Amino acid sequence: KQKTAPKGDEHVPQHHPKHINWALEGKYDNPVFKEVQAVPQDAPPNGWDDGYIPDGNCSSSLRLADDRGLEKILVPDTNPLSASSVWLLNVGAGTTGTRSVQREICKRMLNSTHWHWHCNLPEDDRSVVAMERWIDWLQPFYRIYTEGKADWINKGNRGEIKSRPNHKLMMDALHGGLVSLGDTPVAFFPELIAWLPDAYVILTLRDAEKWWKSRVEHHAGDLMCAEHMWPKVAHPFSIADCFQLGGVPGLINIKNVERRVGVEGYIRYNKWVVSVVPPNRLFRFCPWDCRDTHCTQEGSSSYFVKKMLEFISEKCPPPCKGPPNHYPWSGTFKPQGGKNKNNNNKGHPRAKV
């Protein structure tokens, strides 16, 4: 039995409370980073801003004030993995189109995961099980920064919350049946790009101000490193590293800080991805920029789907050319599934993606 796609914005993540206590264990050495130079931009970018619309709806997602660059570029000081099953990373922040990308990946019969939505793999596949527990690792952070639960804040202050999933769990996620990872917790772990240097990377983008407005007004915010932690870690979404190095004060929910912090953190994350992933392995997906003759969002999305499939065609098996006729999502996509009636977590920051 496979988990089905969420039913529009009514999807509520299926949490596993019994796993939360699993997060209260283990100590880890502090993360180590190394400073690197930005990758040479010696090839035209793939996807959006590929010469057609140099200043479109997603330009602000890569532009800091005064057009300044990142002060320095840090990456986890770790070795690449060998023999990982994963070759595609959908690394965009929430509400930037990651679910649209997942939909297309699933239609192409690729084994993929996006939050609690897995496709083309049984639920007992070890990588699927590992991803579920990886997501469950986040629950204490939502209890602290979204719900403001005093007992969880106290546990965090006492050092009782596990700062990151154990290494074996993450290795199981990367060495099972999954070939594509997307959405949370992908953006929260810069190790993934360091571990998988040959992976193809899809970065979904949208106007920075509209991203912040969507996260704060229509969701319950989003986790981010506190601003004073940014110089110490790879990027502002490195929440495991920021919690490990800075404790409870090392993280924030963007709904509780001034807009500038959330917007700049989002931009800095996107600029970091562009700075460390070579252009020939990075696809920038901006479904808000119209590209067809009639300039409709549907036409724009179709354009980017076509370009995305061309981008991954070297590594993607034949189904990437289009879904088989018998596949239930061929033609108009009709999500299946719906709410888990026993778990109505409307306030969860990832309830709508």
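How much solvent-accessible surface does SER313 expose, in Å² to the nearest 10, with a 1.4 Å probe and all protein chains in place?
Solvent-accessible area, nearest 10 Å²: 60 Å².
Summing Lys, Arg as +1 and Asp, Glu as -1, what charge do residues with Cβ under 14 Å from the Cβ of ALA234 carry, ALA234 excluded?
+1
Residue by residue through region 192-197, what is 3J(HN,Hα) from phi via Karplus (6.51 cos²θ - 1.76 cosθ + 1.60, θ = phi - 60°)? Round to whole Hz and write x for glycine and proline.
For region 192-197, the Karplus-derived couplings read 4, 5, 6, 6, 10, x Hz, x marking Gly and Pro.
Counting only other residues whose beta carbon sits under 11 Å from that of LEU178, what net charge do I get with K and R as +1, D and E as -1?
Once all neighbours under 11 Å are counted, the net charge is -1.
Using the per-residue mean of other Cβ atoms lying within 10 Å as a proxy for protection, in what order, highest first, do the peptides 203-216, 30-43, 233-246 fall?
233-246, 203-216, 30-43
Between LYS149 and LYS72, what length comes free when the chain is fully extended (0.36 nm per residue of separation minus the Cα-Cα distance, one decimal in nm)?
Between LYS149 and LYS72, full extension yields an extra 24.2 nm.
How high is the FRET efficiency from GLU310 to SER85, r the C-beta distance, R0 22 Å, rounded to 0.05?
Approximately 0.45, to the nearest 0.05.
For region 54-119, which trypsin sites (Lys or Arg not before Pro) are in a loop by DSSP, counting at most 16 other Cβ atoms within 10 Å?
Those satisfying the criteria are ARG63, ARG68, LYS72.
Which loop chymotrypsin sites (Phe, Trp or Tyr not before Pro) in region 149-203, with loop taken from DSSP, have no more than 10 other Cβ atoms within 10 angstrom of their Cβ?
Here no loop site has a sparse enough neighbourhood.
Of LYS107/LYS306; LYS271/LYS315; LYS210/LYS232; LYS107/LYS210; LYS168/LYS255, which pairs sit farther than 22 Å apart, going by alpha carbon to alpha carbon?
From LYS107/LYS306; LYS271/LYS315; LYS210/LYS232; LYS107/LYS210; LYS168/LYS255, over 22 Å: LYS271/LYS315; LYS210/LYS232; LYS107/LYS210; LYS168/LYS255.
The values are calculated or read from the model by the stated rules, or taken from the named source; none is laboratory data. Note that the coordinates shown come from a computational prediction; the quantities given were computed from them, not determined experimentally. All Cβ positions, glycine included, derive from the backbone under ideal geometry; neighbour counts span all protein chains shown. Just so you know, the surface numbers come from the protein's heavy atoms only, side chains and all, with ligands and any DNA or RNA stripped out. Shrake-Rupley method; radii C 1.70, N 1.55, O 1.52, S 1.80 Å.
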